[in-house]
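Everything below concerns the one structure shown next.
No value in this document is a laboratory result; all are computed from the given coordinates. If you're wondering where the values come from, they're calculated on a predicted model, not measured in any experiment. Every residue, glycine as well, gets a Cβ built from its backbone with ideal geometry; the counts of neighbours run over all protein chains shown.
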Amino acid sequence: MEMKDKNNKKNPPIKIGQKLVLTVEGYNSKGEGVCRYQGFAIFVPYGLLGEKIRISITQVKKRFGVGIVLQIIEPSLQRAKPPCEVYNRCGGCQIQHMHYGHQLEMKEQIVEDALQKIGKVYETEVVKPIMGAKDPWYYRNRTQIPVRNRAGDLEVGFFTEGTHQVVQAEKCLILNSRLNSMMSNLKEILAKQYGENAGGSEKHEEPIHHVLMRTSKGAEQALLVLVTEKEDFNGKKEMIEDIKKQMPELTGLLQQVKPKRSKGDVQGRLASLFGKDHITDSIGPFTFKVSAASFTQINPDQTERLYDKIVELMNPKEDSVLVDAYSGIGTISSYLSKKAKKVYGLEMSEEAVNDAKLNAEKNKLANVVFMSGKAEQSLLDLNKEGIQVSGIVLDPPRKGCERSMPELVSKMGIDKIVYVSCNQGSMARDIGLFRSVGYALKVVQPVDLFPQTSHVECVVLMSKVEK
Ligand code: SAH
């Protein structure tokens with residue numbers, strides 16, 4: 001969307017509490033409706049393109065305002081009734097109020113917007129129609145469930161957007177059914193646990209902050225991780241017994257001790273309480289050992305299509321030497337190895353590299369080598385060894401590549417880049433950087449890995465411009 005608000009930057013034409021009737025003209029990067037008043041942008045969560053709505057302004061910033069919908073005067077045909085009972089309160093989904101077809105249109109739009117605004121890419125015909133999911137519900141294979149015991153009320157559920165408040169739901173419509181039944185088992189077990197141990201005490205025990213769950217493809221295997229304040233807690237033994245009894249098919253139960261103030265996902269040592277400390281998962285023709293803390297994609301069906309697309313775009317020749325940077329447990333490396341002469345997987349997490357090596361052995365892939373350390377450094381090492389790399393897959397974390405990466409890839413004379421991203425902002429920035437060092441943008445293929453949420457995955461093909 002064009003920016004017409006230059007003159008209004010200092011003096012927004014709206015005030016908090018002001019009521020306006022406006023039409024939704026587009027979407028911002030979070031899938032919220034964007035309206036304009038005297039050219040000034042107003043973000044309206046739950047507003048759909050083309051709808052005439054009455055809003056009340058709730059925030060005014062320098063460059064945009066925020067409003068809430070008071071009334072939908074002319075609803076869009078794309079408006080769906082959100083099937084989840086806690087949709088308005090839970091932070092997990094953002095776009096259940098759109099029919100699935102429109103979710104996909106919206107995602108194509110936000111990819112094009114990011115490319116234009118951040119990457120200065122105006123030839124949006126490179127953006128291909130998004131690959132939608134066959135089933136946009138019950139797809140997630142892992143989750144994190146916060147547990148609270150405030151004022152004696154046990155809360156087991158999901159976080160409200162941007163807060164640490166827990167919303168409880170009977171079930172979650174984007175988790176697979178095994179995770180849903182594990183969640184309800186867990187609720188019963190925790191209710192019993194806290195019920196028995198809180199009795200008579202003023203202070204309500206909160207030994208478990210959250211629980212992590214992950215399942216393999218088809219949910220045949222499942223792991224559960226209790227993330228606790230201390231190693232020992234009241235009723236631990238009974239709780240392990242209850243879990244064994246109620247979830248007899250659990251592949252493994254683990255515990256991670258994490259003092260309250262520490263942040264982030266699973267880190268640190270995971271101790272096994274019973275069963276295995278990993279699951280064996282499969283993606284396409286390959287099997288992978290997946291530890292409780294490893295990164296893997298959360299949508300198994302769409303992941304296979306994503307990986308097929310990566311190989312298709314890279315289109316390696318038999319004698320190609322490829323790099324898979326940010327390789328995790330070696331999933332993309334495995335896919336590439338079937339078509340190339342040699343693949344180097346570069347990954348910083350030592351645990352992931354160990355799993356990747358084991359996985360390559362399991363899958364009998366003799367032409368894959370994993371290097372532990374920062375991708376930038378490992379690439380330099382390959383360069384020093386005089387290894388001629390013809391193509392590189394970059395699948396960085398949300399923040400994108402290291403700043404030194406584009407220069408380095410270009411200096412090594414690598415012809416093809418397949419860039420994989422779950423954040424269109426950093427992707428657009430990195431595409432801009434690669435273009436400035438001699439690469440042409442060929443294809444941006446959005447893939448819907450995260451239906452019902454505003455997130456979108458993209459695979460990008462860039463190739464070196466002949467001089
Ligand atoms: N390609 C994999 C994993 C992608 S997630 C898959 O499809 O499953 C991103 C990975 O990058 C993580 O495993 C993280 O540990 C790793 N990582 C983050 N920064 C890195 C860096 N500077 N160098 C190498 N690896 C890095």
*Mind ordering 169-176, 188-195 by average Cβ neighbours within 10 Å, highest first?*
169-176, 188-195
*Take the Cα coordinates of segment 142-283, assign each an equal point scatterer, and use the Debye formula without solvent to give log10 I(q)/I(0) at q = 0.10 Å⁻¹.*
-0.32
*Classify segment 53-124 as rounded, prolate or oblate from the Cα gyration tensor: take a ≥ b ≥ c as the square roots of its eigenvalues, call it rounded if a/c is under 1.5, otherwise prolate when a/b beats b/c and oblate if not.*
oblate
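Could you tell me the relative contact order of the chain? Use alpha-carbon pairs under 8 Å, at least six residues apart, and round to a whole percent. Walk me through the numbers on the way to the answer.
Numbers: 982 pairs, mean separation 57.6, N = 467.
Computed over the chain, the figure is 12 percent.
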_Considering the Cα positions of the chain, please state its Rg to one decimal place and its Dmax as a whole number of Å._
24.2, 79
*Just report the Cα centroid separation between segment 317-352 and segment 42-61, whole Å.*
45 Å
*Please state the Cα pair-distance histogram of segment 1-133 with 5 angstrom bins from zero: what percent is in each bin?*
2, 10, 18, 20, 21, 15, 9, 4, 1
*asked:* Positive end of the dipole of the chain, charges at C-beta (+1 Lys, Arg; -1 Asp, Glu), about the Cα centre: which of Ala133, Ala293, Ile57 has its Cα farthest in that direction?
replied: Ile57
_Using alpha carbons only, how many angstrom separate the centre of segment 425-452 from the centre of segment 117-174?_
23 Å
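Across every pair of different alpha-carbon atoms, what Kirkwood hydrodynamic radius in Å does segment 1-79 reach?
Values: mean 1/r = 0.0815 Å⁻¹.
After inverting the mean inverse Cα-Cα distance, the result is 12.3 Å.
Looking at segment 67-129, which GluC sites (Glu not before Pro) are DSSP coil and have at most 15 other C-beta atoms within 10 Å of their C-beta?
Listed in order of number, the matching sites are Glu85, Glu123.
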